[in-house]
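Q: Provided herewith is a single structure, encoded as structure tokens, for subsequent inquiry.
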Amino acid sequence: MSDPDPSRPRPQYGEYATPEEQRARIKQPEMTWLLETGQDPDALAGAAPADAPASQAQPVAPPKSRFADRVATIALLAYGLVNVATGIPSIVDYGAYVSTVMGMAGVDAQLADVSAGRPWAIAAAVILAVGWLATALISWRSMSKGRLTWWIPLTAGVVFTFVIGILLMVPIVSDPTLWNAILNSAR
């Protein structure tokens, strides 16, 4: 079919497609990629002929590769695993954790009752471990479906760090002796 007006741009979105071609592309979006690249869909190994029933059609691999996304996701998950593995022991020893935090803040004081902070520390450690496992599972499922995944471990890292920070600060802020020392050091 020749175009009567050569100055008119070539159609990009199927303006001249027959209704049968439109239905075929809607049912099998991967065929759109094959048709646009000029490949014969029937010539591909494992592809069903166009007139075959949809139940016999074999899915064609998506054209885009997500290699960089997979590398970034796995690197972020590995970084998170290292943080979890090194963070849990330091969190569980809550007395040492508080003295380190107070030393970094320039406050010379300790918790009046270190044992009161231990349940908060254990809760934070459990949430850290379960959060990493959930993040890894969600990321793996998303990668297996071919979706963009790098943002999942990044977002989870920010969220879980915030939640754990709040959990670890509750005993510090609840201790009146330590709170007074913090306020006096600020003056």
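Q: State yes or no: is Leu77 hydrophobic (A, V, I, L, M, F, W, C), at pLDDT 95 or above and in a helix (DSSP H, G or I)?
A: yes
Q: If you scan region 99-114, which residues turn out to be farther than 13 Å from Asn180 by Cβ and out of contact with any Asp or Glu (no Cβ under 9 Å at 6 or more places or on another chain)?
A: Ser99, Thr100, Val101, Gly103, Met104, Ala105, Gly106, Val114, listed by residue number.
Q: Hey, another quick one. Can you find a residue in region 41-60 that is modelled with pLDDT of 65 or more and surrounded by 10 or more Cβ atoms within 10 Å (Cβ to Cβ)?
A: no
Q: Only one of these conditions is not met by Val114: (1) closer than 28 Å to Asn184 by Cβ; (2) within 33 Å of the chain's Cα centre (by Cα); (3) free of Cβ contacts under 8 Å to residues at least 24 places away in the same chain. Which number is it?
A: Only one criterion is unmet by Val114, namely (2).
Q: Just give me the residues in region 75-123 being crowded, with 16+ Cβ neighbours inside 10 Å and in contact with a Pro (Cβ under 9 Å, 6 or more places away or on another chain), in sequence order.
A: Leu76, Leu77, Gly80, Tyr94, Val98, Leu111, Val114, Gly117, Trp120, Ala121
Q: Residue under question is Thr73, and the condition is that it be in the same structural domain as Thr161 (by TED's automatic domain parsing), more than 25 Å from Pro176 (Cβ to Cβ) and not aliphatic (A, V, I, L, M); does it hold?
A: Numbers: in the same structural domain as Thr161 (by TED's automatic domain parsing): yes; more than 25 Å from Pro176 (Cβ to Cβ): yes; not aliphatic (A, V, I, L, M): yes.
For Thr73, the condition - in the same structural domain as Thr161 (by TED's automatic domain parsing), more than 25 Å from Pro176 (Cβ to Cβ) and not aliphatic (A, V, I, L, M) - is met.
Q: Can you give me the number of residues within region 124-159 that are surrounded by 14 or more Cβ atoms within 10 Å (Cβ to Cβ) and of a type in the set (S, T, N, Q)?
A: 4
The values are calculated or read from the model by the stated rules, or taken from the named source; none is laboratory data. Everything quoted here is computed from the prediction, not taken from an experiment. Positions of Cβ are backbone-derived with ideal geometry, glycine not excepted, and every protein chain shown enters the neighbour counts.
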